[in-house]
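Taking it in order: structure first as structure tokens, then the write-up.
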Amino acid sequence: GVWRRAWQCGAGGPAPSRRGQRAAASSAGGGAVPVGKSGLAPWVPVVGLEIHAQISSNSKLFSGSQVQFAAPPNSLVSFFDASLPGTLPVLNRRCVEAAVMTGLALNCSINKKSLFDRKHYFYADLPAGYQITQQRVPIAVNGSLSYSLCIDNKMSQMVTKTVRIKQIQLEQDSGKSLHDDTRSQTLIDLNRAGVGLMEVVMEPDMCCGEEAAAAVRELQLILQTLGSSQAVMAEGQLRVDANVSVHHPGEPYGVRTEVKNINSIRFLAKAVDYEIQRQIEELENGGTILNETRAFDSKLGCTVPMRDKEGKQDYRFMPEPNLPPLILYDAKSLPANMNHQQVVNIDWIQERLPDLPSVKRAKLVERYGILPEHSFALLNEDGLTEFFENVVKQTQMKPKKVIGWILNVLLSYLKQHSLTVKESPVSSFMMADLLNLLEKKEISSTAAKQVLAELWKGEGKTPLEIVKEKKLELIQDQKELEQICQAVIDGQENE
């Protein structure tokens, strides 16, 4: 069976049964086909993602209410957010620019004219009974995202894949329902209602949890590089819905299930792989797959049903009557007499795009001669690239040796103590001092690790002070070494 390769890729999830190992599957390298029961009927898993990214802005999409995580409940709610009669939406320019910036970074075509629609559904945390979104003509379409992943968990063996981006649309977030089971009541917090979201819809081009996780991680890095979203999943700023189905080669796609609101990249990989395995085992046992919405239970490591989608939901989409079409310009179409402060210029945004993660990695490899997989590790940890570059500037050690100390020693300390790079008690200046002592052969590699352990305590001592205090210097004087050796030999004779 080919499931084995998927699980070896580190996607995680519950260990597949024997039948699951034969039946399920996908491969990081692509090309392998999951084999069915008795090896006769192969299965092809299909994974597509819908990702909601909260736009990094001071105020909401259509109101002046402040955006702030963990504010007191219902303290950031305007009349419009609460949907009081007579209130009207006013579009936030910053949110439009963030969506255009994201679309350009994902190789999308930006629609110079996009439209807003009402999507109707009734829930307690949606006061208006509808959400303002972009169903007919979104702000950006037809893009692509390249991402890399390792084969068989080996960082030295990486493949690059591409997932197509169907569209990016602007829409409002809903509020938050807090269910109090002990008192049998539900409390509503509308602070999040109306916060600007970008929904990034990916085509079903992936085939396993690891691919889905790698694509979302790359998207997260791009959003953070652009500043269009902070994309902190723990704070709900990046939420993923995964659509999963399986089918035989040459046949139409199978019935898909949607795993909703996954808030961790690790959980995404586990949820997708579990769902692929569950569907294949269900079909091979003669069952059917329901078109339903499921949730991922991280404690049990499995997906559980939430609600069925057999009856097509009627959202009664209609044009938003209170918002005109969103018109964007480029250098050619911008009228001469137009006030530049009143419009969004696509070319102006394009010219100011920062280096994207893929470009940053290539520059790190070229500038410092490090391995490509090391550049991935540097960018995956917030602030680690800057830490590494600061150490390189201040030390005589070659970057190829510095990277080993940063990734193998410092990073393991940080993960062991659940600290970010910015919270590290060892500064880049201290690390450079330590590596200079090592490079000058004043201390050994073993002694350097001892010094780092002392620096980690944050007592304010310099590496040199610790070396002298602990007497960790390497002895360079040959006569002194001879005396020590002679003393050891003499001591053995006396015994």
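The values are calculated or read from the model by the stated rules, or taken from the named source; none is laboratory data. Since this is a predicted model, take the numbers as computed values, not measurements. Methodologically, a virtual Cβ is constructed for each residue, glycine included, from the backbone with ideal geometry; neighbour enumeration extends over all protein chains shown. The area values use the complete protein model at the heavy-atom level, side chains included, leaving out ligands, DNA and RNA. Shrake-Rupley method; radii C 1.70, N 1.55, O 1.52, S 1.80 Å.
Odds and ends about this structure:
- Cα-derived Rg to Rh of segment 371-439, Kirkwood definition: 0.93
- Computed over protein heavy atoms with a 1.4 Å probe, the accessible surface of the chain works out to 50 Å² per residue.
- Assigned charges on the beta-carbon of Lys, Arg, Asp, Glu; segment 45-319 dipole about Cα centre (debye): 880
- For the residue pairs K161/K270; K260/K415; K113/K360, the C-alpha atoms sit more than 31 angstrom apart in K113/K360.
- All Cα pairs of segment 357-478, percent lying beyond 25 Å: 23
- Charge dipole of segment 315-468 (Cα centre as origin; +1 on each Lys and Arg Cβ, -1 on each Asp and Glu Cβ, all else neutral): 460 debye, rounded to the nearest 20.
- If you look at the Cα atoms of segment 182-239, you get an Rg and a Dmax of 15.4, 45 Å.
- In this structure the amide hydrogen of A140, modeled in the peptide plane, comes within under 5 Å of the amide hydrogens of N111, I168, none closer than 5 places in sequence on its chain.
- Simple rule: put +1 on each Lys or Arg Cβ and -1 on each Asp or Glu Cβ in the chain, find the dipole, and look at S174, N142, Q68; the Cα lying farthest toward the positive end is N142.
- Cα centroid separation, segment 263-300 to segment 384-421 (Å): 38
- The value of relative contact order for segment 357-478, using C-alpha pairs under 8 Å at least six residues apart, is 20 percent.
- Computed 3J(HN,Hα) for segment 104-119, one whole-Hz value per residue from the Karplus formula 6.51 cos²θ - 1.76 cosθ + 1.60 where θ = phi - 60°, is 5, 5, 9, 6, 8, 8, 8, 6, 5, 10, 10, 10, 9, 9, 9, 10, glycine and proline marked x.
- Degrees between helix 384-394 axis and first principal axis of the chain (Cα, 0 to 90, nearest 10): 30
- 10 °C / 1.306 mPa s Stokes-Einstein diffusion coefficient of segment 191-348, Kirkwood radius on C-alpha pairs, µm²/s: 84
- Length gained when the stretch V90-T182 is fully extended (0.36 nm per residue, less Cα-Cα span): 29.1 nm
- Taking the charge dipole of segment 357-478 about its Cα centre, with +1 at Lys and Arg Cβ atoms and -1 at Asp and Glu Cβ atoms, the residue from Q450, A432, L407 reaching farthest to the positive side is L407.
- Across the chain, Cα-Cα pairs farther apart than 44 Å form 29% of the total.
- Percent carbon-and-sulfur accessible area, segment 45-319, ignoring ligands, DNA and RNA, probe 1.4 Å: 50
- Sparsely packed loop sites in segment 170-212 (the trypsin sites (Lys or Arg not before Pro) outside DSSP H, G, I, E and B with at most 12 other Cβ atoms within 10 Å) comprise R183.
- On the principal axes of its alpha carbon atoms, segment 45-319 extends 56, 45, 33 Å, with the longest extent given first.
- Eligible lysines near K471 by straight Cα distance, threshold 20 Å, same-chain separation 8 or greater: K440, K441, K449, K457, K461, K479
- Options G196, H248, Y274, ranked by Cα towards positive dipole end of segment 124-275, top entry (Cβ charges): G196
- Computed from point charges on the beta carbon alone (+1 for Lys and Arg, -1 for Asp and Glu), the dipole magnitude for the chain about its Cα centre is near 1000 Debye.
- The chain, relative contact order in percent, only Cα pairs under 8 angstrom and at least six apart counted: 15
- Per-residue ellipticity at 222 nm from helix content only, as computed over the chain with -39500 (n - 2.57) for each DSSP H run of at least four residues, stands at -10000 deg cm²/dmol.
- Using alpha-carbon coordinates, inclination of helix 445-455 to the longest axis of the chain, degrees: 60
- Over the C-alpha atoms of segment 63-120, the Rg to Rh ratio, Rh being the Kirkwood estimate, stands at 1.05.
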